[in-house]
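Comments concern the structure below.
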Amino acid sequence: MKIRLYGALAGTILIAQACTATQDLGENDPRNPKPDSGPGDATAGDGSTPPGDGGTPPAQDAGFSLQAGLTFTQFPFDKSINTMWGASGSDIWAIGNEAFHYDGTKWSLFPTSSFHPGFGNPPPSLSEIWGTSSISAWGVGPIIIYRWNGSDWVSPPKLPGERLSLYTFSGVWAENDNNVWVSGSRYINGTNDLEKSLFQFKDDAWTTKYTQPDGYYYSIWGSDAQHLWIGGDNHILAYDGQNFVTVASGLSVRVQVIRGTSANDVWAFGTAGFISHWDGKAWKRFPIAASIDFRAAFIRSANDIYAVGKLANTGSAIAHWDGASWTHGAAQDGAILHGVWGGPNEVWALGDKIAYRGK
């Protein structure tokens, strides 16, 4: 089924049910850090209600549909966003090297001076955010870790190592303020060799919990302290509170996103349209007929899931799970969607100076 796009994104979008996946994208750079396209100017393009000045920008006459009744409309957004997370549909963060907050009505720029002043302005981009409430969230980037305390994003008093330039942080998950996990990599002391690594913040101290040679751990998510899953190159790692075990291997993709609703309902997304589900007993692939490089996912419920990224040679891509099958669509905008979040009545997907709103 083809959907016509109007205005700036004129073209077609293929909407498809689950079927055979296509080839690997062949990328070998880590998902994060993502290239920064510069600070830009957060204006709506027509001079009205720019996102940085306390307004949701007017919609352009462009967008696409994933299925009947599920349509995404493009909005101008002249900032690059790397990650999104929210405590509710009226409390959503979208962050790159600047932070934007959505209150359910409008997007507002949160001052970058809140970030660690030692890194300059703008500071390095955050790669992923995860929180437990409106007053507690964590953000990580290539060499940085921030914590939201309800009023400001601050650098925590303690960090995994003294020389953060040796680290690349790409994923974060928190059970509470006393159990925070960060995934990424670090340079082996005195060498240029990387080892993929997992770090835990507990009892006011950071501990390196697990390392393996080469590469990165891209994403981490847990249902509780005894059930964690980690995405890496060609495999998925699990933690049971005591031991780390590879639970899926030989995947020929980068597993860049892990999200779920419980220990028996976990989703993994990656390059080359990779989607897999854990039901508590086994992982099951859900191939789609699109080589989407997935970068983020938002689970509104077990039967209402959004995953976003980029369709090869096309642009922004969004896939949706309705409890029975996956549908997907893409826009010919050449962009990548890095974040997705929403509430009961809307979903936002943001990325490389572009934003889509789904109703």
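The values are calculated or read from the model by the stated rules, or taken from the named source; none is laboratory data. None of the values given here were measured: they were computed from a predicted structure. Because the Cβ atoms are built from the backbone with ideal geometry, glycine has one as well, and the counts that use them run over all protein chains shown.
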Open item on the list: When the residues of the stretch 107-144 are narrowed to those that are at pLDDT 90 or above, touching a helix residue (DSSP H, G or I) at 6+ places or on another chain (Cβ under 8 Å) and not polar (S, T, N, Q), which ends up farthest from W348 (Cα to Cα)?
Closed with: L109
Task: Selection from the stretch 284-299 of residues that are surrounded by fewer than 16 Cβ atoms within 10 Å (Cβ to Cβ) and more than 26 Å from N313 (Cα to Cα) - done: K284
TODO: Kindly list, by first and then second residue, each pair from a residue in the stretch 250-275 that is within 12 Å of F298 (Cα to Cα) and of a type in the set (K, R) to a residue that is modelled with pLDDT of 95 or more and assigned to a strand (DSSP E or B), limited to pairs with Cβ atoms under 7 Å and residues at least 6 apart or on different chains.
DONE: R259/W221; R259/W267; R259/A297; R259/I299
TODO: Return the only residue of W206, W229 being crowded, with 24+ Cβ neighbours inside 10 Å, without any contact (Cβ under 8 Å) to a residue 60 or more places away in the chain and within 27 Å of G96 (Cα to Cα).
DONE: W229
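Answer yes or no as to whether F286 is modelled with pLDDT of 95 or more and under 23 Å from V182 (Cβ atoms). Full working, then the answer.
Values: modelled with pLDDT of 95 or more: yes; under 23 Å from V182 (Cβ atoms): no.
Considered against the rule, which asks whether it is modelled with pLDDT of 95 or more and under 23 Å from V182 (Cβ atoms), F286 comes out as no.
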- [ ] For the stretch 200-219, indicate whether the set of residues that are touching a helix residue (DSSP H, G or I) at 6+ places or on another chain (Cβ under 9 Å) and of a type outside the set (S, T, N, Q) is non-empty.
- [x] no
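Before we move on, is D293 within 27 Å of P76 (Cβ to Cβ) and of a type outside the set (A, V, I, L, M)? Steps first, please.
Values: within 27 Å of P76 (Cβ to Cβ): yes; of a type outside the set (A, V, I, L, M): yes.
For D293, the condition - within 27 Å of P76 (Cβ to Cβ) and of a type outside the set (A, V, I, L, M) - is met.
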- [ ] Would you tally the residues in the stretch 300-339 being among the hydrophobic types (A, V, I, L, M, F, W, C), in contact with a Ser or Thr (Cβ under 6 Å, 6 or more places away or on another chain) and either more than 13 Å from G273 (Cβ to Cβ) or surrounded by fewer than 18 Cβ atoms within 10 Å (Cβ to Cβ) (or both)?
- [x] 4
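Take K284 and tell me if it is over 15 Å from the mean Cα position of the chain (by Cα) and either free of Cβ contacts under 8 Å to residues at least 40 places away in the same chain or not in a loop (DSSP other than H, G, I, E, B) (or both).
On the way: over 15 Å from the mean Cα position of the chain (by Cα): yes; either free of Cβ contacts under 8 Å to residues at least 40 places away in the same chain or not in a loop (DSSP other than H, G, I, E, B) (or both): yes.
In short, yes.
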Task: Residue among G215, G139 that alone is surrounded by 16 or more Cβ atoms within 10 Å (Cβ to Cβ) and on the phi > 0 side of the Ramachandran plot - done: G215
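Taking the stretch 237-249, which residues are loosely packed, with under 11 Cβ neighbours inside 10 Å, touching a residue at least 12 places away in the same chain (Cβ under 8 Å) and either under 24 Å from the mean Cα position of the chain (by Cα) or part of a strand (DSSP E or B) (or both)?
In the first step, residues of the stretch 237-249 are kept if they are loosely packed, with under 11 Cβ neighbours inside 10 Å; the result is 241-243, 245, 249.
Adding the requirement that they be touching a residue at least 12 places away in the same chain (Cβ under 8 Å) leaves 241, 249.
Across the stretch 237-249, the qualifying residue is only S249.
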TODO: For G171, state whether it is under 22 Å from W148 (Cβ atoms), modelled with pLDDT of 95 or more, surrounded by 17 or more Cβ atoms within 10 Å (Cβ to Cβ) and not hydroxyl-bearing (S, T, Y).
DONE: yes
Open item on the list: Conditions first: (1) under 18 Å from the mean Cα position of the chain (by Cα); (2) crowded, with 21+ Cβ neighbours inside 10 Å. T132 passes all but one, so which condition is the exception?
Closed with: (2)
TODO: Look through Y218, Y210 and report the one residue that is within 30 Å of A312 (Cβ to Cβ) and not charged (D, E, K, R).
DONE: Y218
